[in-house]
Amino acid sequence: MTRDDGGMPTIADLDSLATRYAQLKEQVRRVVVGQHETVEHLLVAVFCQGHTLIIGVPGLAKTMLVRTLASSLALEFRRIQFTPDMMPSDILGAELIQTDPVTNQRRMQFVPGPVFANIVLADEINRTPPKTQAALLEAMAERQVSVGGVTRPLDPPFIVVATQNPIEQEGTYPLPEAQLDRFMFALKMDYPTVQEERYIVGQSEEISARTAEVRPLFDGHELVRLRRAIGRVPVSEHVVEYAVSLARATRPDDASCPASVSKYIAWGAGPRTGQALILGARCLAALEGQPTPGAEHVMRIAPAVLRHRLVLNYTASAERVGTEEVLARLLKSVGQPAYKS
């Protein structure tokens, strides 16, 4: 696994980022056909070292996308297939009795689980019971694991990409809001277009062969430095104001919440939302070679940041108004603040 080299971020860390990001995105797109917005937002989350939830039906190349990305970044990748009988120790690891081959003495030894990696794919995370879901929460929130009374840090970068199948409800355990809030982004993967699906079907062997051609363009040390550098990208006051306005406008009891939105929301987004909006906007601007983010960067990532943080009420269910429509109304209602010089 990659360890942090302790290097301080510099302007040079961001100088060639836009060019290399374009190369990285092109390399991923050679393997994953279509899904351009999902690819872009997942890359933003990875450079921010934020966790991501991907919602989509089977067969949309979710696993291939994450695996290709890990290969492009020279990161250790582990995939966990969540099942109803999975226990926390299956994820975190466990203390097991081992026999020393030299002294022949038996002793307890920690055997790490698959969570000890740089990019962890939690496949169908809603299929495992809450006890096992909660075991992943400490790793996501604190980037550490506690087993047998001992706390063990997870080497940076540590990123969880979880997938969720929206069409299966039986035998599933919905993630609690507290855990959903730990995901920086929630991305929605749709079916490919007609042209994309024809290409996927006709060129499936060629697409599979391209996975072997993926070459590392970044490494873990660079990602750690870039994350620090991205956090230092300057942000103007009006952009921060717009991010805060979006978050507050999702809360039905707030005076700024539009009537077209408040009637459908039971609970809105918390303060962590604004932080994710600004960090994502900073990263998106840096990846595009711009010195500072604008309100348009916040608007572009707002659906990914807000999608999983809104709790809709019974009125939304009765009128068949979904999260995507509520978000569209929100972005239309909350105008961008005027630039302040």
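Specify the residue that is modelled with the highest pLDDT; the eligible residues are those in region 318-341 that are polar (S, T, N, Q) and out of contact with any Leu (no Cβ under 9 Å at 6 or more places or on another chain).
Among residues in region 318-341 that are polar (S, T, N, Q) and out of contact with any Leu (no Cβ under 9 Å at 6 or more places or on another chain), the one modelled with the highest pLDDT is Ser333.
On the basis of being in contact with an Asp or Glu (Cβ under 6 Å, 6 or more places away or on another chain) and closer than 27 Å to Ala61 by Cβ, does Thr163 make the cut?
Yes, satisfied.
Select, from His238, His297, the only residue that is under 24 Å from Leu187 (Cβ atoms) and in contact with a helix residue (DSSP H, G or I) (Cβ under 9 Å, 6 or more places away or on another chain).
None of the other options fit; the residue is His297.
If you check Thr128, Thr132, which single one turns out to be over 25 Å from Leu223 (Cβ atoms), touching a Pro at 6+ places or on another chain (Cβ under 6 Å), hydroxyl-bearing (Ser, Thr, Tyr) and in contact (Cβ under 8 Å) with a residue 12 or more places away in the chain?
Thr132
Please go through region 255-298 and pick out each residue that is over 24 Å from Arg20 (Cα atoms) and assigned to a helix (DSSP H, G or I).
Ala259, Ser260, Val261, Ser262, Pro271, Arg272, Thr273, Gly274, Gln275, Ala295
Find all pairs meeting these conditions: Cβ atoms under 7 angstrom apart; at least six residues apart or on different chains; first residue within region 23-39 and closer than 16 Å to Glu213 by Cα; second residue hydroxyl-bearing (Ser, Thr, Tyr) and buried (at least 18 other Cβ atoms within 10 Å of the Cβ).
Hits for this filter: Leu24/Ser72; Gln27/Ser72; Val28/Thr68; Val28/Ser72; Val31/Thr68; Val32/Thr68.
How many residues does region 316-325 contain that are assigned to a loop (DSSP other than H, G, I, E, B), of a type outside the set (A, V, I, L, M, F, W, C) and surrounded by 15 or more Cβ atoms within 10 Å (Cβ to Cβ)?
0
Is there a residue in region 55-62 that is surrounded by fewer than 24 Cβ atoms within 10 Å (Cβ to Cβ) and in a helix (DSSP H, G or I)?
no
Scan region 64-81 and tell me whether some residue there is among the aliphatic types (A, V, I, L, M) and surrounded by fewer than 13 Cβ atoms within 10 Å (Cβ to Cβ).
No, region 64-81 contains no residue that is among the aliphatic types (A, V, I, L, M) and surrounded by fewer than 13 Cβ atoms within 10 Å (Cβ to Cβ).
From the list Asp100, Asp155, Asp123, which residue is touching an Asp or Glu at 6+ places or on another chain (Cβ under 8 Å) and among the acidic types (Asp, Glu)?
Selected residue: Asp155, the only one of Asp100, Asp155, Asp123 that is touching an Asp or Glu at 6+ places or on another chain (Cβ under 8 Å) and among the acidic types (Asp, Glu).
Condition test on Leu246, is it in contact (Cβ under 8 Å) with a residue 60 or more places away in the chain and crowded, with 20+ Cβ neighbours inside 10 Å?
yes
Which condition number in (1) assigned to a loop (DSSP other than H, G, I, E, B); (2) without any contact (Cβ under 8 Å) to a residue 60 or more places away in the chain; (3) under 13 Å from the mean Cα position of the chain (by Cα) is the one that Pro174 fails?
(3)
Looking at this structure, is Gln98 outside the structural domain of His297 (by TED's automatic domain parsing), on the phi > 0 side of the Ramachandran plot and of a type in the set (S, T, N, Q)?
no
In region 185-220, how many are part of a strand (DSSP E or B) and not charged (D, E, K, R)?
Of the residues in region 185-220, 3 are part of a strand (DSSP E or B) and not charged (D, E, K, R).
Could you list all residues from region 155-171 that are closer than 19 Å to Val120 by Cβ and either over 18 Å from the mean Cα position of the chain (by Cα) or not in a loop (DSSP other than H, G, I, E, B) (or both)?
Passing the criteria: Ile159, Val160, Val161, Ala162, Thr163, Gln164.
For region 79-112, name all the residues that are of a type in the set (Ser, Thr, Tyr) and outside any loop (DSSP other than H, G, I, E, B).
Within region 79-112, Ser89, Thr99 qualify.
Residues of region 192-217 being of a type in the set (Ser, Thr, Tyr) and under 16 Å from Met64 (Cβ atoms), which ones?
Tyr199, Ser204, Ser208, Thr211
Limited to region 126-136, what total is found for residues that are surrounded by 15 or more Cβ atoms within 10 Å (Cβ to Cβ) and either of a type in the set (D, E, K, R) or within 15 Å of Ala178 (Cα to Cα) (or both)?
6
Select from region 299-315 the residues that are part of a helix (DSSP H, G or I) and either among the charged types (D, E, K, R) or more than 23 Å from Ile54 (Cα to Cα) (or both) and list them in ascending order.
Arg300, Tyr314, Thr315
Gln164 versus (1) touching a Leu at 6+ places or on another chain (Cβ under 7 Å); (2) more than 26 Å from Ala304 (Cα to Cα); (3) in contact (Cβ under 8 Å) with a residue 60 or more places away in the chain: which is the lone unmet condition?
Condition (2) is where Gln164 drops out.
The values are calculated or read from the model by the stated rules, or taken from the named source; none is laboratory data. What you see is a predicted model; the values in this text were computed from it and never measured. Backbone-built Cβ (ideal geometry, glycine too); neighbour counts: all protein chains shown.
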